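First the structure, in the form of structure tokens, and then the observations on it.
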Amino acid sequence: MTNLNRKKRMRNMLLVIVLVYILLVLRIAFIQFIQGDELQTMAYVQQTLDRTINPNRGTIYDRNGDVLAKSASVETVTVNPTNIVGENKEKVAKALSEIFELDYEKVLKKVKRKTSIETIVKKVEKEKTDELRKWMKDTGIVYGINIDEDTKRYYPYGTLASHIIGFTGSDNQGLDGIEAKYDTILSGQKGKIMRKTDASGSVIGAGEEEYLPAIDGDSVVLSIDTNIQSIATKYLEEACIDNECEEGGVCIIMEPDTGNILAMATYPEYNLNDPFTVMDTELANNWNTLSQADKNNNLQKMWRNKAIVDTYEPGSTFKLITTSAALEEGIVKETDKVGEFSCTGAIEIAGTRIKCWRYYRPHGAQSLRNALMNSCNPVFIGLGQKLGVKTYYEYLRKFGLLDKTGIDLPGEANSIFFKEEKVGPVELATISFGQRFEITPIQLVSAVASIANGGKLVTPRFVTAVIDSETGERKEIEPQIKANTITEETASKVRDMMGSVVAEGTGKNAKVEGYTIGGKTGTSEDGVNTNKYITSFMGLSPTDDPELVILVVLYNPSGEGGHQGGAVAAPTAGNILSEVLPYMEVKKIEENS
């Protein structure tokens, strides 16, 4: 080999070595500066065994401090399979399966896996885990078995206010109601128990643990009163059963000045401590024959809060809005001028004949008060015509009926109205007496509350305060006034006429001895030509300075009592108010005089 060839080979080898060196330097730089953080995190995960500690979820209180939802202390059992020696695996699996009543083969499979951690059982009572502790002490088998603190949600009242409170999942996350809406406040922050491990998952060294405590969630105070909620629930259930209401019913009671919901009952309710078990006996008996999709649909139906999620035609209760707008605009000045209106049994609008409900015996000459007491459709159609589409829709906006109320529960629906530009004479006529559009019960309650409080549209709400879990400090949440609807003078006139509806008109079955109650009944068809009806009563008390508004809605009553609001919904409201008003210490008539 010549010197020239030897030099050439040496130069090539040197070049290769330099190239490899450069590539190694680049690779090291890439790993250090580009992948450094990621690899460090991966190493930490691989070398650290973390077990989470669930915080205590914040408590939910009613306005009086009664506990509606709280976290009870339970424990979770996990195993580190790599830390359980082979000869003990079957013993551990047998003990775990017997103590916690689990399938032995499934437990054994978990114990034999080559993983760092496996969950055996979650949220068990301490009595059970104490049995495991005793077994571990007696056998001396302690490594690889972990018993950690955990929490379980508990609802002391079971079914009461279920559609308000909602429930949590197995991971303590809120899934519905207040639990879901205020999940970030209630949930707190998880803690950790950490151990150093090698690549196989075995504990390094003495196996000392680093403990990072959980931070408990804050608590919330609701506006509801469990006593008022219980009263509303009791009479709503009676009404739905007695009147054979196929789709159940709703009752809402609200403070008009603050928007605080005192009660919101939806029938049927469900058990918050067992929310995935249906309450309907017939459905429960056939549960295993249903497809998963049907099961999910039935559970969703059971959980639905019809007061805020479902829309309906309000019927004649909506005449309160037409009356308020007409008085505010000066279309009607005197409420007691008999002869200002006349009912002939029907009225023709754009070639369409629209009947009064009592077309067979017309109401004749009436005042506005008479028309509201008699719930006479032609009078309100006439008022709607005089207001006109543009002005009428301005009042729909003022009363918050074209938008969601903003109530602090998930899933609120919005109303369904004709677009303003598509409203003709017939559409305006039907809207004026409460048909051919849909709103939610809470939208109507919110609108009528502004009549009760003198013209302020207030956001309905449940949470009135938050209590800090660490300091105990209570932070009050102020009510929200969104807009002005009508003047106090107009509101006073409407309330006075509502009093006549209950004293002498269609709402007389809502009377309560010793109290002034104002109201308006409503009946509407549930769909077109379905022969199913929705019956309702919208009320307030006392009429001069209301302390509450109440709405009762019954869906598809088919019992002997019929389907008219005055015959079915009004008595239910009267029964509820007969207990709620004394409980609230509302002064009786003789005490006011």
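The values are calculated or read from the model by the stated rules, or taken from the named source; none is laboratory data. Computed from a predicted model, the values in this text were never measured in an experiment. Note: ideal-geometry Cβ built from the backbone for every residue, glycine included; neighbour counts use all protein chains shown. Only protein heavy atoms, including side chains, enter the accessible area calculation; ligands, DNA and RNA are left aside. Shrake-Rupley method; radii C 1.70, N 1.55, O 1.52, S 1.80 Å.
Working only within region 242-267, note down all residues that are in a loop (DSSP other than H, G, I, E, B) and open to solvent by less than 70 Å² (accessible area, probe 1.4 Å).
Listed by number, the residues that qualify are ASN243, CYS245, GLU247, GLY248, GLU255, PRO256, THR258, GLY259.
Scan region 427-463 residue by residue and report those that are outside any strand (DSSP E or B), buried (at least 18 other Cβ atoms within 10 Å of the Cβ) and within 18 Å of the chain's Cα centre (by Cα).
If the condition is that a residue be outside any strand (DSSP E or B), buried (at least 18 other Cβ atoms within 10 Å of the Cβ) and within 18 Å of the chain's Cα centre (by Cα), then THR440, PRO441, ILE442, GLN443, LEU444, VAL445, SER446, PRO460, PHE462 are the ones that fit.
Can you tell which of LYS390, LYS404 is open to solvent by 40 Å² or more (accessible area, probe 1.4 Å) and part of a helix (DSSP H, G or I)?
Result: LYS390 is the single residue among LYS390, LYS404 that is open to solvent by 40 Å² or more (accessible area, probe 1.4 Å) and part of a helix (DSSP H, G or I).
Restricting to strands (runs of 3 or more DSSP E) lying wholly in region 133-241: which have 2 or more residues that are at pLDDT 85 or above and open to solvent by 80 Å² or more (accessible area, probe 1.4 Å)?
145-154
Okay, residues lined up against (1) over 29 Å from GLU394 (Cβ atoms); (2) crowded, with 19+ Cβ neighbours inside 10 Å; (3) of a type outside the set (Gly, Ala, Ser):
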| site | (1), (2), (3) |
| --- | --- |
| ALA465 | yes, no, no |
| THR471 | yes, no, yes |
| PRO479 | no, no, yes |
| THR487 | no, no, yes |
| VAL494 | no, yes, yes |
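Is at least one residue of region 303-317 open to solvent by 30 Å² or more (accessible area, probe 1.4 Å), out of contact with any Phe, Trp or Tyr (no Cβ under 6 Å at 6 or more places or on another chain) and free of Cβ contacts under 8 Å to residues at least 60 places away in the same chain?
no
When you look at THR506, is it assigned to a loop (DSSP other than H, G, I, E, B) and within 17 Å of PHE318 (Cα to Cα), yes or no?
The answer is yes for THR506.
Restricting to region 122-132, and then to whatever is among the basic types (Lys, Arg) and not in a helix (DSSP H, G or I), can you tell me which residue is farthest from GLU87 (Cα to Cα)?
Applying the filter and picking the extreme gives LYS123.
With the checklist (1) out of contact with any Lys or Arg (no Cβ under 6 Å at 6 or more places or on another chain); (2) aliphatic (A, V, I, L, M); (3) touching a residue at least 40 places away in the same chain (Cβ under 8 Å) in hand, flag the one item MET497 doesn't pass.
For MET497, the failing item is (1).
Only one of these conditions is not met by LYS70: (1) touching a residue at least 24 places away in the same chain (Cβ under 8 Å); (2) charged (D, E, K, R); (3) in a helix (DSSP H, G or I). Which number is it?
Result: LYS70 passes all but (3).
Condition check: more than 20 Å from ARG436 (Cα to Cα), out of contact with any strand residue (DSSP E or B) (no Cβ under 7 Å at 6 or more places or on another chain) and not in a loop (DSSP other than H, G, I, E, B). Does ARG397 satisfy that?
The answer is no for ARG397.
Give the residue, chosen from GLY65, GLY58, that is of a type in the set (Gly, Ala, Ser), exposed (fewer than 15 other Cβ atoms within 10 Å of the Cβ) and part of a loop (DSSP other than H, G, I, E, B).
GLY65
Check region 347-363 and report whether any residue there is assigned to a helix (DSSP H, G or I), open to solvent by 60 Å² or more (accessible area, probe 1.4 Å) and modelled with pLDDT of 90 or more.
No, there is no match, as no residue in region 347-363 is assigned to a helix (DSSP H, G or I), open to solvent by 60 Å² or more (accessible area, probe 1.4 Å) and modelled with pLDDT of 90 or more.
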